[in-house]
Amino acid sequence: MSEFTTTLGTMDSSIFVVYVVGLLCLALWISRSERVGGANTEDYFLASKALPWWAIGASLIASNISAEQIIGMSGSGYAIGLAIASYEWMAAITLILVGKYMLPIFLKNGIFTMPQYLEQRFDSKVKTVLALFWLVVYIFVNLTAVLWLGGLAIETVAGVSWLYGMIFLAVFSVAYSLYGGLKAVAYTDILQVVLLVFGGLFLSYLALDAVSNGQGIIAGFGILTERMPDHFDMILSPDSEHYISLPGISVLIGGMWIMNFSYWGFNQYIIQRALAAKNVQEAQKGIAFAAYLKLLMPIIVVLPGIAAVVLYPDLTAPDQAYPSMMALMPVGVKGLVFAALVAAIVSSLASMTNSISTIFTMDIYSRLRPNQNQRHYVHVGRLAALVSLVIALFVAEPLLGKFDQAFQYIQEFTGFFTPGIVVIFVMGMFWKRATSMGALSAAIGSAVFSLVFKFAWPGLPFMDRVGVVFLLCLATCYLVSMAGKASDNDSSVSLQQITFSTTKGFNIAATGIIVILIALYTTWW
């Protein structure tokens, strides 16, 4: 098989339109404000701090699983194999650790944003530097990647120009999220995740059945493992051509931990959902729910990419794998799965723009224009979200058009800065002696050390580079902090006032994650 359908039929298109209209109606209904005078900043940016655990967990996954995950990781599954699933499976245990040790600190400090915590712990300089950094990365890396890969998917599946596809995605995400803020995003994410999970599982079922020529999914999986054993190595050997992307044991004990803690623990558009919980126990239940959903993701996004090697061996680019596989869908169902793909994309767009507006409004604008009323800041937040999407639309193609595997591009780029970010937060949270100069030196050192290693040692896998740079930044922060005067600006809640004990249910969930991961890596080592 080498050809695939590039248009949606009338029934598929109708189903997709029904989904779009239904989601918009649901979002507008959710966005109704019961507060006299409209929503305040806590309502808009933190959903009135009343999100239940199931909404938190679903929204965490919907925010995470977007075009770069579905299309990009399927492309990496096509090119590399199951090893790319380490990003998903190791994220599950990372979520558990974030829920136990980091969420209690953030929630106790009552913050809106990650930079706000840095201001409480260090000073306004650290907060401003990191706030500006995140705004740049969210707009020029994350938003652009989601829009570009989303446009590619729409072009491949529906036969619509990638540019019009990007414009549709931007307009759609604005239409359902701009008015209602985080509350609209989080509650509609429940529908999005249900559609994504069941649509993805059905596509994987069809893919395996097609590989076996109708003999069933078990036979199909057996054929894949028999014909492509290299695609089922979780830990790549040094002689693998993809070792530089996934350097063997480093995915378990090296730089991937740094990447995961930065993304799941200190990333505004992810952690903002947990900050909106009514209490820490509710947030931890949501985190545990999200961890189990992460275990499913390789079945949904990586497996179709591996199957595409057999079904569509002549694709011109790996990122075409997932959209191409949708040709297997029967009429009607394809529209539903296409809706699931678009659901994931617009959910991430809405989450990112909401977090961009939160950081810009609460960490930058409110300091330039203090003492404005709450409605004013909400209006500014909406404007910031809109402007960020417009910028991303203009720069997406020039920045990403030349990359075959956009997911790897995102990881490579963010890898320059994540070691320093993790050092700043970990030292700030768990070492009282850390100073603002130590934090800033770690931030600057992260970029400098990464660039030096990038050009002086080009053969060093980027994940190993992340691990080495993290250790160097850790040492830099320690030395600079010890050489300077202890900070007297720390207004954050001390660790003595925070309990890290968790409920029995959370502990059982965490144990289950560990057991499942041990079984997976033992089987596919």
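Annotation note: Cβ proximity below 9 Å between a residue of the stretch 495-524 that is more than 14 Å from Tyr292 (Cα to Cα) and a residue that is hydroxyl-bearing (Ser, Thr, Tyr) and open to solvent by less than 30 Å² (accessible area, probe 1.4 Å) (sequence gap 6+ or interchain) occurs for Tyr521/Ser86.
Asp189 satisfies every condition listed in (1) surrounded by fewer than 21 Cβ atoms within 10 Å (Cβ to Cβ); (2) out of contact with any Asp or Glu (no Cβ under 9 Å at 6 or more places or on another chain); (3) more than 28 Å from Tyr312 (Cβ to Cβ) except (1). Any idea which residue in the stretch 450-474 is nearest to the chain's Cα centre (by Cα), counting only those that are open to solvent by 50 Å² or more (accessible area, probe 1.4 Å) and of a type in the set (Gly, Ala, Ser)? Looking at residues that are open to solvent by 50 Å² or more (accessible area, probe 1.4 Å) and of a type in the set (Gly, Ala, Ser), I get Gly459. Pairs meeting the criteria (first residue in the stretch 308-323 and over 16 Å from Ile70 (Cα atoms), second residue open to solvent by less than 20 Å² (accessible area, probe 1.4 Å) and β-branched (Val, Ile, Thr), beta carbons under 7 Å, at least 6 apart or on different chains) are Val310/Val211; Leu311/Val211. The helices (runs of 4 or more DSSP H) falling completely within the stretch 159-240 that include 1 or more residues that are charged (D, E, K, R) map to 182-211, 217-227. Within the stretch 431-485, if we keep just the residues that are polar (S, T, N, Q) and part of a helix (DSSP H, G or I), the residue that is nearest to Lys127 (Cα to Cα) turns out to be Ser436.
When Leu152, Leu178, Leu132 are checked against the criterion of being at pLDDT below 85, more than 21 Å from Ser59 (Cβ to Cβ) and not aromatic (Phe, Trp, Tyr), Leu152 stands alone in meeting it.
Taken over the stretch 437-473, the criterion of being among the β-branched types (Val, Ile, Thr) and within 25 Å of Leu118 (Cα to Cα) is satisfied by Ile444, Val448, Val466, Val468, Val469. Checked against the criterion of being in contact with a Cys (Cβ under 7 Å, 6 or more places away or on another chain), over 11 Å from Pro419 (Cβ atoms) and without any contact (Cβ under 8 Å) to a residue 60 or more places away in the chain, the candidates Ser446, Ser481, Ser441 yield just one match: Ser441. Here Pro330 clears all of (1) open to solvent by less than 10 Å² (accessible area, probe 1.4 Å); (2) out of contact with any helix residue (DSSP H, G or I) (no Cβ under 7 Å at 6 or more places or on another chain) except the condition numbered (1). Only one of the listed residues (Ser366, Ser351) is closer than 30 Å to Ser124 by Cβ and surrounded by 24 or more Cβ atoms within 10 Å (Cβ to Cβ). That residue is Ser351. Per the listing Ala350, Ala327, Ala344, the residue uniquely small (Gly, Ala, Ser), modelled with pLDDT under 85 and under 25 Å from the mean Cα position of the chain (by Cα) is Ala344.
The single condition among (1) farther than 28 Å from Lys432 by Cβ; (2) of a type outside the set (Phe, Trp, Tyr); (3) open to solvent by 40 Å² or more (accessible area, probe 1.4 Å) that Leu517 does not satisfy is (3).
Within the stretch 107-133, residues that are open to solvent by 30 Å² or more (accessible area, probe 1.4 Å) have Cβ atoms under 7 Å from residues that are in a loop (DSSP other than H, G, I, E, B) and among the aliphatic types (A, V, I, L, M) in these pairs: Lys108/Val493; Lys108/Ile498, counting only partners at least 6 apart in sequence or on another chain.
No other residue among Leu479, Leu471 is modelled with pLDDT of 95 or more and within 26 Å of Leu103 (Cα to Cα) apart from Leu471.
The residues on offer are Ala434, Ala447, and the sole one that is under 28 Å from the mean Cα position of the chain (by Cα) and closer than 23 Å to Trp264 by Cα is Ala447. Summed over the stretch 51-67, the residues that are open to solvent by 10 Å² or more (accessible area, probe 1.4 Å) and part of a helix (DSSP H, G or I) give a count of 2.
The values are calculated or read from the model by the stated rules, or taken from the named source; none is laboratory data. On a predicted model such as this, the values are computed, not experimentally measured, just so you know. Note: ideal-geometry Cβ built from the backbone for every residue, glycine included; neighbour counts use all protein chains shown. SASA here: full protein model, heavy atoms, side chains in, ligands and nucleic acids out. Shrake-Rupley method; radii C 1.70, N 1.55, O 1.52, S 1.80 Å.
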